[in-house]
Amino acid sequence: MSWYLGKIAFLFLRPSNLLVLLALAGCLAAWRGHRFGLPLASIAVALIVAVTLLPVGAWLTRPLEARFSAPAPMPEEVHGFVVLGGGTNPHLFAAHGRPDFDDAADRYLALIELAKRYPRARAVFTGGSGPETGAIAEADVIEALWLRHGLPRERLVLDRDARNTVENARNAFALARPGSGEVWLLVTSAKHMPRSVACFRAVGFRVLPFPVDYRAGGSSFLFDDLRVSERLYELDEAAYEWFGLFYYRLLGHTRELFPGSEP
């Protein structure tokens, strides 16, 4: 139930949706003669202009991405690593038979990189099918990618059921069954790492963060690569992660609101 509630809530709280709804509400109110209509529409339009001219999404993303960094130096021995789903396109894979990825493809480059760097380590991928993808699972795409690189199938453990980060952590822990003192890496997008670490700690799975897919690096100036759709997308993505941190803590899925590195 919480999965559906979270999706529905953010449908209306997504900044781009919310601002457009406020602008439409203001226009409708003004058309019906309400005095607050024009000010409401004006404020909404001004905010839309502000968040598209200013890199607000990048500003909100930076604290998330800076919270964790990859181990330096990397461990000499790793018993396993968990890669979280997101960024695959199961429908295109089903249509064309080739693994297809979008803006989170760095996760799967890291999957292959770590598999070759640590040839004895187990690999766990957790990312199943939400209701919107039907019977097609992200795990099917990852299995095809793994085999295309000539890696032994028995090293790869797939979770086809997880729909969100909470289920990623629970299912990965059940599948990995990490022993005391084992070293496990957690691979996901850098902005997603704080929420992921909080979920893994909540189920008792100690992991070393290995963040990838950075989005807010470098400088962000007023008109630096200005694209309205891109700025709104960045804002939505950052807001989704901050919303997820508060939402998971509110429901008791995590014990920390904004976890940091352990000693």
Taking the DSSP beta bridges in region 69-213 as the whole, what percent of them are antiparallel, to the nearest 5? 5
How would 240, 233 line up from fewest to most surrounding beta-carbon atoms within 10 angstrom? 233, 240
Given the convex hull of the Cα atoms of the chain, what is a quarter of its surface area in nm²? 16.6
What list do you get for 118, 214 if you sort them by fewest beta carbons within 10 Å? 214, 118
Scoring only Lys, Arg, Asp and Glu (+1, +1, -1, -1) among other residues with Cβ under 10 Å from the Cβ of residue 212 yields -2
Out of 229, 69, 180, a Gaussian network model of the chain with alpha-carbon springs under 10 Å gives the largest mean-square fluctuation to 180
Along the positive direction of the dipole of the chain (beta-carbon charges: Lys, Arg +1; Asp, Glu -1; about the Cα centre), which of 109, 56, 72 reaches farthest? 56
Could you tell me the calculated FRET efficiency between residue 20 and residue 113, based on Cβ-Cβ distance and R0 = 51 angstrom, to the nearest 0.05? 0.80
Want the number for residue 161 to residue 74: 0.36 nm per residue separation, take away the alpha-carbon distance, what's left? 28.3 nm
Alpha-carbon Debye profile of region 69-213, log10 I(q)/I(0) at 0.10, 0.11, 0.19 Å⁻¹: -0.29, -0.36, -1.14
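Every number here is computed from the coordinates shown, using simple stated rules; none is lab data. Nothing here was measured: the structure is a model prediction, and the numbers come from that model. Counting neighbours? That spans all protein chains shown, and the Cβs are built from the backbone with ideal geometry, glycine included.
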